[in-house]
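This report concerns only the one structure given below.
The values are calculated or read from the model by the stated rules, or taken from the named source; none is laboratory data. Nothing here was measured: the structure is a model prediction, and the numbers come from that model. Please note: Cβ atoms are built from the backbone with ideal geometry, for glycine as well, and neighbour counts cover all protein chains shown. For accessibility, only protein heavy atoms count, side chains too; no ligands or nucleic acids. Shrake-Rupley method; radii C 1.70, N 1.55, O 1.52, S 1.80 Å.
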Amino acid sequence: RLITALNRLKSLGNTLLLVEHDREVIDSADHVLDFGPGAGDFGGRITAAAAPKDVRAKRASLTGQYLSGRKAIPVPTNRRPVGLVPRTDLAPLDEPDDLFSDVASPLVGGAWSSNDSGDQAPGTSPDATSRRRAKRRAGVRGTRASTDRWLIVHGARANNLKEIDAPFPLGRFTCVTGVSGSGKSTLVSDCVHNALAARIHRASVTPGGHDRITGLEHIDKVINVDQSPLGNTPTSNPATYTGVFDAIRALYAALPLSKVRGYTANRFSFNRPGGRCEACEGMGQKCIEMHFLPDVWVECEDCKGARFVAETLEAKYRDKSIADVLAMRISEAVALFENVPRVRKMLQTLEDVGLGYLQLGQPAPTLSGGEAQRVKLAAELGKPSTGKTLYILDEPTTGLHFDDLTKLLSVLHRLVDLGNTVICIEHNLDVIKTADWVIDLGPEAGEAGGRIVAAGTPEQIAAIRESHTGVALAPVLARGPRAEREVYDAKKEAEKEINIQAPIDLGEDTKVPWETDGERWQTVDHRDLKGKPVGWDPALLQWLVETIQSLGEFLPTDWNHRSRVEIKTGGTALWFCHILTGFTGLLEVSLRVPTGTLREGELRNKLSIKTLDERKDLPLYGQWHRVSVRCLSTGWDDVRLSLRDFKDIQKSAFREFLKTAALAYHRAVSAARAQPEKQRPWESSGQQWHLSQKSMSRRQVPTWKPTLLLSLIGRFKSLEPRLEFDWATKTAVLFKPPGAESPLGKIVTNMGRGLRVELRAPMNVVTPVQVEQLGEDVEIRRRGSGDCDWVIFWVSSLTAVDTAQLRSLWAICTGSQQSGRLQSA
């Protein structure tokens with residue numbers, strides 16, 4: 001119909017210029033301009049300019065190769081099998097005949113086929129009696145059980161849907177087809193996606209009208225991969241959206257130059273102050289507001305589009321700065337980071353979906369809808385999968401060339417090979433012919449649609465003359481070619497990933513200054529945490545260290561830290577003095593003394609250290625006291641002093657103060673050595689400490705009994721009998737599976753309201769619906785920049801813990817530990 005309308009416009013004397021990939025539209029054209037041969041920098045040339053029949057003969061034209069059949073997307077000979085549809089509760093048998101829209105495998109012309117193979121030729125619509133018999137044969141009142149898992153929408157009636165029951169096989173690639181306006185988006189997006197998002201992810205969406213959905217227990221996550229933009233500003237790009245930029249920033253922060261200058265991963269972010277160009281706020285461009293016209297983006301004059309200041313760009317990995325990385329094509333970045341598995345894996349996924357030609361930092365507003373959708377798809381592929389995810393795509397082939405379509409189908413089938421389910425609203429016959437299951441809606445649009453015309457494999461759909469999709473699909477299947485689809489083997493790919501890993505050369509053998517000569521670094525060449533020269537007097541630091549060392553038996557001073565000098569005595573982990581050297585203007589001195597040794601008011605009067613405003617000779621301002629005493633909860637006080645130079649101290653009074661503090665520290669350490677159980681009782685008798693509820697402060701009123709802790713530990717041991725528990729911490733009991741290097745979780749015992757359980761799970765795998773019955777106030781939390789999620793819940797009674805959900809979560813968490821050990825190996 002569209003082609004007919006276009007030809008009518010042409011016959012009226014108009015000229016039509018179309019950007020198009022559709023085979024039928026190209027064949028209907030008078031003249032074709034084919035661009036290529038590749039994408040991005042590899043394209044930009046005209047590889048063919050001729051009539052469609054002549055383009056087919058052009059070997060330099062990629063489009064011509066697909067039109068001629070020299071290249072093609074094959075029909076898979078190893079299509080995944082789909083069993084019988086399980087029992088569904090349908091409408092009453094006395095309903096009008098035209099509302100019969102229930103599905104079995106296969107559905108032929110509105111009635112159940114008696115031939116499971118789908119070879120039976122379609123006939124005319126049976127009468128009401130025959131329909132009732134067909135329903136009963138199909139099992140409306142008792143269908144043959146299927147071993148496959150299904151997601152079934154019962155009684156979908158939103159918009160033009162006619163109370164249909166729509167079955168989607170799980171673990172399969174399903175295409176929902178039909179003419180425009182037949183109800184595809186209403187069924188898939190409004191009913192299926194919104195209902196699952198509200199149920200599984202607690203999304204605030206309103207599902208389309210339906211009775212219920214069965215099979216939800218087999219899905220733990222639903223993801224809608226649409227063609228909406230990734231963002232509206234240059235700060236959003238493929239690197240940031242997929243999360244690979246976080247790993248790249250962490251890599252740059254580990255470089256020797258970054259360590260010397262104290263650069264963290266935040267330094268290499270163009271979204272945060274510190275290392276970015278502040279003139280353009282890390283965008284590389286400035287927005288010029290044009291009155292009465294659209295805004296214009298121009299290149300930043302300060303950074304020349306690099307986004308970062310010059311100091312940040314001096315840190316380089318394999319001679320490439322962070323700006324160079326963002327300007328690289330994804331295919332080039334794959335080679336650059338070939339020895340960095342976490343980075344290379346995501347970049348390889350982006351290349352697999354056909355985006356290797358994009359710049360890693362290409363601004364999101366410049367991406368097409370199809371490119372944005374494939375970036376989203378790659379981001380999902382890069383996340384850990386439980387094999388129970390439902391992916392929904394609405395016409396993902398819009399704007400894709402045949403060659404791009406080949407890559408996209410490979411990625412979609414990879415998702416299904418991993419056990420996930422893909423539901424795709426689609427018109428492209430090259431996609432439909434590779435599906436495992438097709439649901440064809442119609443037969444027409446609007447009120448004349450909303451029914452399931454046919455459901456089955458592509459071959460079964462093609463045999464149904466009432467289906468517009470079937471009529472169009474039949475010649476495509478007949479044309480072929482046919483070939484076996486390569487099945488994605490996750491285990492083999494994981495082994496390959498381990499085998500290709502090589503050591504990352506970051507120059508880590510190079511010693512940083514404070515490791516080679518810490519004393520010189522702290523007193524001669526020292527710089528603050530931002531890489532700037534410090535303003536405090538290094539001679540004061542030297543005098544403080546020498547004076548403290550003369551006041552008792554201390555270990556040699558530890559200078560070998562970037563921004564700290566430590567002094568302590570032997571036989572204990574308790575340090576006496578920390579001198580913090582990472583601040584620009586002041587030297588921060590922290591002394592640890594037993595509680596009550598020094599009083600803040602008396603100490604201020606004795607030391608007479610002026611405020612910054614009282615000094616008047618400093619480029620610093622402040623009226624706060626530079627001497628403070630803070631009580632710690634462990635029986636110690638923290639005495640903090642902020643010093644600039646020798647003008648701040650009276651040496652005799654200051655030396656007397658240091659002597660008093662050092663003697664009190666030595667006495668307390670000697671007492672702790674004689675009776676260690678009194679100082680840190682949780683280390684010597686940890687189980688007794690926690691069961692006696694001494695981990696709680698005096699202000700906490702316990703509402704849980706010690707037997708609850710033992711019962712909860714017993715519940716965990718029933719999941720893993722060899723589970724190892726560590727009682728020797730002050731406020732929690734740690735536990736880890738046998739052989740694990742780090743704890744998998746902990747039971748926090750210092751809260752009065754109950755026990756708080758924290759379990760580490762792989763990132764973006766656990767959903768709220770999976771853990772809603774674990775206990776009270778269940779939440780899934782991300783901490784810092786870690787690569788895992790924490791499932792946190794409260795237990796005030798063991799009966800509130802759902803054993804099945806705990807067992808399921810435990811399997812996910814321990815599976816993550818095992819995969820982590822495999823990756824380390």
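Looking across segment 452-466, just one residue is crowded, with 24+ Cβ neighbours inside 10 Å, farther than 26 Å from Thr389 by Cα and not aliphatic (A, V, I, L, M), and that is Gln460. Of all residues in segment 554-575, those being farther than 27 Å from Pro533 by Cα and either modelled with pLDDT of 90 or more or among the β-branched types (Val, Ile, Thr) (or both) number 6.
Among (1) buried (at least 16 other Cβ atoms within 10 Å of the Cβ); (2) closer than 30 Å to Pro169 by Cα; (3) of a type in the set (Lys, Arg), which single condition is Arg202 missing? For Arg202, the exception is condition (1).
What tally of residues in segment 271-286 results from selecting those that are open to solvent by 60 Å² or more (accessible area, probe 1.4 Å) and in a loop (DSSP other than H, G, I, E, B)?
Here the count works out to 5.
Can we say Glu426 is within 23 Å of Ser185 (Cβ to Cβ), open to solvent by 20 Å² or more (accessible area, probe 1.4 Å) and at pLDDT 90 or above? So Glu426 fails the test.
Note on segment 612-642: residues that are surrounded by 14 or more Cβ atoms within 10 Å (Cβ to Cβ) and more than 46 Å from the chain's Cα centre (by Cα) total 3. From the residues in segment 379-400 that are out of contact with any strand residue (DSSP E or B) (no Cβ under 9 Å at 6 or more places or on another chain) and either over 29 Å from Trp150 (Cβ atoms) or aromatic (Phe, Trp, Tyr) (or both), which one is surrounded by the fewest Cβ atoms within 10 Å (Cβ to Cβ)? If we take residues in segment 379-400 being out of contact with any strand residue (DSSP E or B) (no Cβ under 9 Å at 6 or more places or on another chain) and either over 29 Å from Trp150 (Cβ atoms) or aromatic (Phe, Trp, Tyr) (or both), then Gly399 is surrounded by the fewest Cβ atoms within 10 Å (Cβ to Cβ).
Just one of the listed residues (Asp54, Asp41) is open to solvent by 90 Å² or more (accessible area, probe 1.4 Å), more than 16 Å from His401 (Cβ to Cβ) and of a type outside the set (Phe, Trp, Tyr), namely Asp41.
Among the conditions (1) open to solvent by 10 Å² or more (accessible area, probe 1.4 Å); (2) more than 25 Å from Ala445 (Cβ to Cβ), Asp220 misses just one, which is (1). Contact annotation: residue pairs with Cβ atoms under 7 Å, 6 or more positions apart or on different chains, pairing a residue in segment 167-193 that is at negative phi and hydroxyl-bearing (Ser, Thr, Tyr) with a partner that is in a strand (DSSP E or B) and open to solvent by 30 Å² or more (accessible area, probe 1.4 Å), are Ser185/Asp394; Ser189/Asp394.
Here the helices (runs of 4 or more DSSP H) wholly within segment 19-79 that include at least 3 residues being under 29 Å from Ala435 (Cα atoms) are 23-28, 62-68. State yes or no: is Gln700 over 25 Å from Leu540 (Cβ atoms), within 44 Å of the chain's Cα centre (by Cα), surrounded by 14 or more Cβ atoms within 10 Å (Cβ to Cβ) and of a type outside the set (A, V, I, L, M)? So Gln700 fails the test. Screening Ala333, Ala306 for residues that are assigned to a loop (DSSP other than H, G, I, E, B), among the small types (Gly, Ala, Ser), crowded, with 17+ Cβ neighbours inside 10 Å and out of contact with any Asp or Glu (no Cβ under 7 Å at 6 or more places or on another chain) leaves exactly one candidate, Ala306. Under the condition of being open to solvent by less than 50 Å² (accessible area, probe 1.4 Å), closer than 30 Å to Thr634 by Cα, in a loop (DSSP other than H, G, I, E, B) and in contact (Cβ under 8 Å) with a residue 24 or more places away in the chain, the residues counted in segment 732-787 number 5. Among residues of segment 294-312 that are closer than 13 Å to Met283 by Cβ, those with a Cβ under 8 angstrom from a residue that is assigned to a loop (DSSP other than H, G, I, E, B) and open to solvent by 100 Å² or more (accessible area, probe 1.4 Å), sequence gap 6+ or separate chain, pair up as Asp295/Glu289. Taking (1) open to solvent by 50 Å² or more (accessible area, probe 1.4 Å); (2) within 21 Å of Ala333 (Cβ to Cβ) in turn, Thr242 satisfies each apart from (1).
Check Ser368 against each of (1) modelled with pLDDT of 90 or more; (2) open to solvent by 10 Å² or more (accessible area, probe 1.4 Å) and name the one condition it does not meet. Looking at each condition in turn, Ser368 falls short on (1).
Only one residue in Asn232, Asn237, Asn194, Asn224 is modelled with pLDDT of 90 or more and not acidic (Asp, Glu), so which one is that?
After ruling out the rest, the residue left standing is Asn194.
Take the residues of segment 254-270 that are of a type in the set (Gly, Ala, Ser) and open to solvent by 20 Å² or more (accessible area, probe 1.4 Å): which is farthest from Cys788 (Cα to Cα)? Per the criteria, the residue is Gly262. Just give me the residues in segment 429-451 being touching a Lys or Arg at 6+ places or on another chain (Cβ under 9 Å) and either open to solvent by less than 20 Å² (accessible area, probe 1.4 Å) or of a type outside the set (A, V, I, L, M) (or both), in sequence order. Across segment 429-451, the qualifying residues are Asp430, Thr434, Ala435, Asp436, Trp437, Ile439, Leu441, Gly442, Pro443, Gly449, Gly450, Arg451.
Looking across segment 351-364, the residues that are over 24 Å from Lys491 (Cα atoms) and either buried (at least 22 other Cβ atoms within 10 Å of the Cβ) or touching a Leu at 6+ places or on another chain (Cβ under 9 Å) (or both) come down to Leu355, Gly356, Leu358, Gln359, Leu360, Gly361, Gln362, Ala364. Residue selection: Asn266 satisfies the criterion of being without any contact (Cβ under 8 Å) to a residue 40 or more places away in the chain and either of a type in the set (S, T, N, Q) or under 28 Å from Lys376 (Cα atoms) (or both).
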